[in-house]
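Here the structure is laid out as structure tokens; the discussion comes afterwards.
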Amino acid sequence: MDNLKFGKMAEDCALRLLEKKGWRLIDRHVCFREGEIDLIIGKDERLLFVEVKARRTEVFGAVVEALTTGKIRKLKKAVMRWRMQSNDCRTGQLYFIGILFDGERPVKVDGYFIE
């Protein structure tokens with residue numbers, strides 16, 4: 001499976017998990033010059049701007065280690081751009097989901113709020 005298909009599979013998995021918790025998809029794979037937002041989801045009057053990372057192995061480190069300060073900076077800039085374009089001013093938070101896969105099956109899923 002190529003990296004694009006693997007990334008889509010990870011985003012689909014993250015979205016299913018969040019939908020089970022009552023969140024609904026607002027937008028997906030939002031790209032700006034400043035950065036990219038994998039998932040934008042909403043629940044009540046709240047938004048989550050979700051960064052999804054996935055790995056096939058943790059030989060080179062845990063999935064969460066893929067979330068760098070540079071990636072967070074770009075994500076924040078992309079969120080600001082999305083807010084300007086959408087005029088959506090609901091309370092929002094940045095959220096990270098890291099998924100470790102064994103083939104096409106998720107074996108470990110971690111979620112963290114990003115400050």
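The values are calculated or read from the model by the stated rules, or taken from the named source; none is laboratory data. The structure presented is a predicted model; accordingly, all values stated were derived computationally and were not measured. Here the Cβ positions follow ideal geometry from the backbone for every residue, glycine too, while neighbour counts run over all protein chains shown. Side chains are part of the model used for accessible areas, which takes the heavy atoms of the whole protein and leaves out ligands, DNA and RNA. Shrake-Rupley method; radii C 1.70, N 1.55, O 1.52, S 1.80 Å.
Things worth noting here:
- Excluding exposed DSSP-loop trypsin sites (Lys or Arg not before Pro) (at most 10 other C-beta within 10 Å), longest clean stretch of the chain: 34-115
- Other-chain or far-sequence residues with amide H under 5 Å of E51's (modelled H): Y95, F96, I97
- Restricting the range 47-115 to chymotrypsin sites (Phe, Trp or Tyr not before Pro) in coil, as DSSP defines it, with at most 16 other Cβ within 10 Å: F60
- Computed over neighbours whose Cβ is under 14 Å from that of K77, the net charge equals +4, Lys and Arg +1, Asp and Glu -1.
- Å² per residue, accessible surface of the chain at 1.4 Å: 62 Å²
- Couplings 3J(HN,Hα) for the range 103-115, derived from phi with the Karplus relation 6.51 cos²θ - 1.76 cosθ + 1.60 (θ = phi - 60°), are x, 9, 10, x, 10, 8, 10, 10, x, 9, 6, 9, 6 Hz, where x marks Gly and Pro.
- When C13, C31 are compared by accessible area at a 1.4 angstrom probe, the order from most to least is C31, C13.
- Ligands, DNA and RNA left out, the accessible area of the chain computed with a 1.4 Å probe is 51% carbon and sulfur.
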